[in-house]
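**Q** Encoded as structure tokens, here's the structure I'll be asking about.
The values are calculated or read from the model by the stated rules, or taken from the named source; none is laboratory data. Keep in mind that this is a model prediction, so the values were computed, not measured. Quick reminder, even Gly has a Cβ in these numbers, built from the backbone with ideal geometry, and neighbours come from all protein chains shown.
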Amino acid sequence: MQEIWNKKSKTYPKFSPIMRPFERDFFDFLDKSGIEFKGKTLIDIGAGTGVYSLHLAKLCQSVLALDLSPAMLEVLQNSANEYNISNIKTLCGTIKDVEKLKFDIAFLTMSPALKSDADFEIFTNLAKNHIYMNWLKPRKSDLLELFMDTNARADMAAPVARLEAFLNSKNIKFQSKEINENRSVTKNIDEMVENLAWHLEISGQNYNKHEIKDKIKNLANGDKISENITTCVKVMIF
């Protein structure tokens, strides 16, 4: 799993100081829910390239970015250096490597880092406040749909359902919100092939890059091709 995320670090979105509408909706919900970041310590679990970690570092006293992929964390650190964000540290590992630490806020977005009730227990004990966002429905892409075997598609809503069941079993109350996003991404053909190949690989679909390119090249406009993406996530605060 580490190897596949290391590979994705080359094309994974990087931190931008300008938030997308989706990110603004997310942070607006956190604000309306009474989450305060000023002066707080925060751990971002499955931080990736720091898309959220670096926004949070600008708000918090300090942030620890945890991820399984050293390549992802290297991209994060490079972005932190580029934007002069110095109150963030990185740690390559899993949630079990931090279970004895304490923070004000534990944060996780779109990460497979929590897989069991034992992981949820650690997540709950890490902090006073918890922010969790994950897929509620499969991420849909008009280009990926050309290849995906729908019968083999993973149940992306399963982690959210497991966390809800865990919280209910512990009588822990939570606030929640669904957020939807529709966006279009344009890349050159080779970049798009690389991106599609990664998503297909992580979904267990076997296509080589030549097959992918042959199937999408007629949809390109010159050397550019667009992908329309639909996402639906659920944010949980407890």
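**Q** Does LEU101 count as crowded, with 19+ Cβ neighbours inside 10 Å, within 27 Å of PHE238 (Cβ to Cβ) and without any contact (Cβ under 8 Å) to a residue 60 or more places away in the chain?
**A** No: the conditions fail for LEU101.
**Q** Follow-up. Go through the stretch 58-72 and give me each residue that's more than 20 Å from LYS40 (Cα to Cα) and among the charged types (D, E, K, R).
**A** Once the filter is applied, which keeps residues that are more than 20 Å from LYS40 (Cα to Cα) and among the charged types (D, E, K, R), the stretch 58-72 yields only ASP67.
**Q** Next question. Of all residues being buried (at least 24 other Cβ atoms within 10 Å of the Cβ) and of a type in the set (A, V, I, L, M, F, W, C) in the stretch 27-44, which is farthest from ASN6 (Cα to Cα)? Just the residue, please.
**A** The qualifying residue farthest from ASN6 (Cα to Cα) is LEU42.
**Q** Oh, and also: If you go through the stretch 165-201 one residue at a time, how many are in a helix (DSSP H, G or I), touching a Lys or Arg at 6+ places or on another chain (Cβ under 9 Å) and either exposed (fewer than 15 other Cβ atoms within 10 Å of the Cβ) or of a type in the set (Lys, Arg) (or both)?
**A** 2
**Q** Right, next: Suppose we filter the stretch 60-79 for residues that are free of Cβ contacts under 8 Å to residues at least 40 places away in the same chain, small (Gly, Ala, Ser) and under 21 Å from GLN2 (Cβ atoms); how many remain?
**A** Residues meeting the conditions: 1.
**Q** If a residue has to be of a type in the set (Lys, Arg) and closer than 26 Å to MET1 by Cβ to count, how many in the stretch 214-238 make the cut?
**A** Residues meeting the conditions: 1.
**Q** Let me ask something else about it. Just checking, which of LEU59, LEU101, LEU66 is under 19 Å from SER9 (Cβ atoms) and either in contact with an Asp or Glu (Cβ under 8 Å, 6 or more places away or on another chain) or of a type in the set (A, V, I, L, M, F, W, C) (or both)?
**A** Answer to the selection: LEU66.
**Q** For the stretch 155-192, enumerate the residues that are of a type outside the set (A, V, I, L, M, F, W, C) and free of Cβ contacts under 8 Å to residues at least 24 places away in the same chain.
**A** Selection gives ASP155, ASN168, SER169, ASN171, ASP190.
**Q** Let me ask something else. So which of LYS209, LYS234 is surrounded by 17 or more Cβ atoms within 10 Å (Cβ to Cβ), basic (Lys, Arg) and modelled with pLDDT of 95 or more?
**A** Of the residues listed, the single one that is surrounded by 17 or more Cβ atoms within 10 Å (Cβ to Cβ), basic (Lys, Arg) and modelled with pLDDT of 95 or more is LYS234.
**Q** Further question on the same structure: Could you please let me know if ILE18 is under 27 Å from ASP119 (Cα atoms) and among the β-branched types (Val, Ile, Thr)?
**A** Criteria not met by ILE18.
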